[in-house]
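Have a look at the structure below, then the notes.
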Amino acid sequence: MHADGERLWFLGTLATVTVPGEAVGDRFALIEFLFPRGASPPLHTHPQDESYIVLEGKLTIQAGERRSVLGPGGVGVVPMGVAHTFRVDSDGARVFVLSTPAGLERMVRDGSVPASAPTLPPEGTPRPSPEELARIFEAHGQVNLGPPLGPGD
């Protein structure tokens, strides 16, 4: 583990597990993400509350019927079971993601490779196949319900 956390390249992002669930009895986990412009996961649910704290950049978050735009210092909270996604609307974004209870960091770990630098992953960084990714999501209780947010959504 890196002194500042465990650095992982996860699906085109840099995820730094700052506080793993194992360190706090699985009450929560804190992950710092570096996202590229346009990054957006599929619309999904999972068995954790997920809070976003934007450090740099701009995010559009869709949670249920609510849509929020967050800039630096902005906070968004998505209760467990609520269908949600987000989109990075700036050149990049640095975002703390709080998983309550822990668990999101284990899914990220299972779908990533160790990062050799504190940057976005270079071209050609290995990723799980769609089948492997589906197994990882299922194992961690993430249910994908729809497409990511596109640039015009």
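The values are calculated or read from the model by the stated rules, or taken from the named source; none is laboratory data. Everything numeric here is computed off the predicted structure, so don't read it as measured data. Virtual Cβ from ideal backbone geometry, glycine too; neighbours counted across all protein chains shown. Note: accessible area is taken over every heavy atom of the protein model, side chains too, but ligands, DNA and RNA are not part of it. Shrake-Rupley method; radii C 1.70, N 1.55, O 1.52, S 1.80 Å.
Across segment 10-26, which residue is farthest from Val75 (Cα to Cα) among those that are hydrophobic (A, V, I, L, M, F, W, C), part of a strand (DSSP E or B) and open to solvent by 20 Å² or more (accessible area, probe 1.4 Å)?
Within segment 10-26, the subset hydrophobic (A, V, I, L, M, F, W, C) is 10-11, 14-15, 17, 19, 23-24.
Now restrict to residues that are part of a strand (DSSP E or B): 10, 14-15, 17, 19.
Filter again for open to solvent by 20 Å² or more (accessible area, probe 1.4 Å), leaving 10, 19.
Working: Phe10: 22, Val19: 18 Å.
That would be Phe10.
Once segment 96-153 is narrowed to residues that are closer than 20 Å to Ile53 by Cα and of a type in the set (S, T, N, Q), the residue that is surrounded by the fewest Cβ atoms within 10 Å (Cβ to Cβ) is Thr119.
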